[in-house]
1. Which pairs have Cβ atoms under 7 Å, sit 6 or more apart or on different chains, and link a residue in the range B:180-202 that is closer than 15 Å to residue B:213 by Cα to one that is in a loop (DSSP other than H, G, I, E, B)?
2. Given (1) within 16 Å of the chain's Cα centre (by Cα); (2) surrounded by fewer than 19 Cβ atoms within 10 Å (Cβ to Cβ), identify the lone condition not met by residue A:179.
3. Considering only residues that are closer than 20 Å to residue A:22 by Cβ and either at the interface with another protein chain (Cβ under 9 Å from one of its Cβ atoms) or at pLDDT 75 or above (or both), which ones fall in the range B:138-151?
4. Condition first: surrounded by 13 or more Cβ atoms within 10 Å (Cβ to Cβ), closer than 19 Å to residue A:203 by Cβ and hydroxyl-bearing (Ser, Thr, Tyr). Can you find one or more residues in the range A:29-48 that meet it?
5. Out of the range A:29-65, which residues are outside any loop (DSSP other than H, G, I, E, B) and not hydrophobic (A, V, I, L, M, F, W, C)?
6. When you go through A:219, A:163, A:257 one by one, which is the residue that is surrounded by 15 or more Cβ atoms within 10 Å (Cβ to Cβ), modelled with pLDDT of 75 or more, over 16 Å from the mean Cα position of the chain (by Cα) and over 30 Å from residue B:268 (Cα atoms)?
7. Given B:288, B:293, which one is at pLDDT below 85 and more than 18 Å from residue B:62 (Cβ to Cβ)?
8. If I ask for residues that are aromatic (Phe, Trp, Tyr) and closer than 15 Å to residue A:256 by Cα, which ones from the range A:198-218 would you list?
Amino acid sequence: MPVRMLGLGVRLAILLTFAVFFVAPVIWLLLAPTKSDQELITSSPFSFGDFHHVALAWRHLDAFSDHVFRRWIGNTLYYALSATAITLAVSVPAGYGLAIGRFPGRKLILSLTLVVMIMPAAALVLPIFLELDAMHLIGRSLSVILPFAFFPFGVYLAYIYYLTALPPELLDAARVDGAGEWRIWWQILLPIVRPSLAAVAIFTFVTSWNDFLWPSLMLHTPDGLTLPVGLAALQGFFSSDFRAIAAGVTMTVVPILLFFIAAQRYFVRGLAGAVKG
Amino acid sequence: VSSSAAIPHHVEATRKRGLHVPRGLPFVLPYLPFLIVFGIAPTVYALDLAVTDVGGGWVGYDNFVRTFHDFRFGPAFKHVLLYTAVWLAALMLFVVVLALLLHGRASRASSTFRFLYYLPGALAGSAAVLVWLFMLDPTVSPGSFFLHHVLGANIFAQSIAPGNLPYIFAMIAFWTGAGGWIVVMYGALNTIPPDLEEAARIDGASPLQIAVRLKLPLIRKWIAYMLILSFATGTQLFVEPEIVQHASFGLVPDTWSANQLAYQLAFRYADFNAAAAIAVDLLAIGLIGALVIVTRTGLFRTDD
């Protein structure tokens, strides 16, 4: 028994240590805007200041360039949600098709997907810029949404998910019963793999929300920027104001945190549960 | 292309009788335009740029030789490879260990831990770097004790000394990305039939033996996928050094990583051919890595 207890203790200690490492900076970030500059340096890092400072930091940030910060939030939300919707409609079925597929070119598509996934963005920037320019999209929201919506990572995620989570007997049984491929997909598979949809949705949304390179190249008016690009610009402007930056970072994080909490039932718990059931 | 021998006969028969369209293909079709426009075509164009000059004339591997002899080339690739090695080692070790530790815990505690680990994923990209700039600044950091005694840093500039950067970036990347992979691995572990684990336990296998001999081989595909992707994204490091460079008052060069060097060559010197050559170098490194991992783990096989 003592050996077992020891094992349990070590296990818990490791899990808790990592929990502190992952969570402490997030808590610090959420608390930072509540403090004055002085308190930020002198008081305990995990103490709570007061809401007055939050309001001040936010007003400082919000007043910048005629509420441009609010428009950045709206823009980022719009780009990320549109890209997520397109990715779900395109990538998840593609991953399924590649997992169950028996057609010539299947391995080629898989390989090419992998190749373009590891293709450095710096190399793709110019060609894609020229393509979008030829389509007269530069500066428009589609110039950001379309590259975001191409999400080979999601195709692979869905591919491996279907490959490992689907019992082949189930598909075979359905086929023997005469169900068409679309019906199998819609009535049998979609319910089973809903958690994988949640995973792809979260990854697309977060990647698009946080992306820096494309918006900074494609969008040229301050009004059209996204939060990460705007924030990086603010870092120079507010370099002496810790709290305004921390408040700005918090603003980019809070929507994602809310999204996580809303989706965690499907993702963190669901990805596990549904596979089992 | 695929091994039809492994398909049970009755399925084969059904397929031949009932279907005109190759199975699976219709699902893939909507994806193809995206793959071509945003993946294949730009890649081909970049490959073309790498072997031509400004006028479009063929120059062979001249661009590669030229960039290889650039004084920034060596350090940039060294930084990136060191960073990637540290990050991958951390990912492979800790993600697998933490997922295995979480698997088999009481489900509520386990789901809380997974959520906490995943939380920093909300801060990927520039937000994460900004947070860690605070964390590495001894004047405001909650870990100033650690910075002071382990890194010996009393001021911000010492924390982000060039020698520390590969490790710092590896830590930031681990901090933001590991939780997502832990969730994915945990999900993969749950696809293992409980009876299999039960049988091993009855045979007298210890939890450690079950983890190493039974669970680990079964999540091989996921580990492979994680490594391929992380290897590739690791060598493409861009945003983190870019932001640290802005914050470092010239201490960190704007060509610290290979991808930054390519970016600078393209957009400051308008030398797209040299930039493309470096991108192709990175692609080659990523491909070699991916090829080794794919062939060693059978990632593309559909029947196992």
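The values are calculated or read from the model by the stated rules, or taken from the named source; none is laboratory data. Keep in mind the model is a prediction, meaning the values are calculated, not measured. Note: ideal-geometry Cβ built from the backbone for every residue, glycine included; neighbour counts use all protein chains shown.
1. Within 7 Å, the pairs are B:189/B:103; B:189/B:219.
2. Exception for residue A:179: condition (1).
3. Residues satisfying the conditions are B:140, B:141, B:142, B:143, B:144.
4. No: the range A:29-48 contains no residue that is surrounded by 13 or more Cβ atoms within 10 Å (Cβ to Cβ), closer than 19 Å to residue A:203 by Cβ and hydroxyl-bearing (Ser, Thr, Tyr).
5. Initially, the range A:29-65 is screened for residues outside any loop (DSSP other than H, G, I, E, B), giving A:29-34, A:37-42, A:51-63.
Listed by number, the residues that qualify are A:33, A:34, A:37, A:38, A:39, A:42, A:52, A:53, A:59, A:60, A:62.
6. The conditions single out A:163.
7. Values: B:288 fails: at pLDDT below 85.
Going through B:288, B:293 in turn, just one is at pLDDT below 85 and more than 18 Å from residue B:62 (Cβ to Cβ): B:293.
8. Start the filter on the range A:198-218 by keeping residues that are aromatic (Phe, Trp, Tyr), which leaves A:203, A:205, A:209, A:212, A:214.
A:203, A:205, A:209 - these are the residues of the range A:198-218 that are aromatic (Phe, Trp, Tyr) and closer than 15 Å to residue A:256 by Cα.
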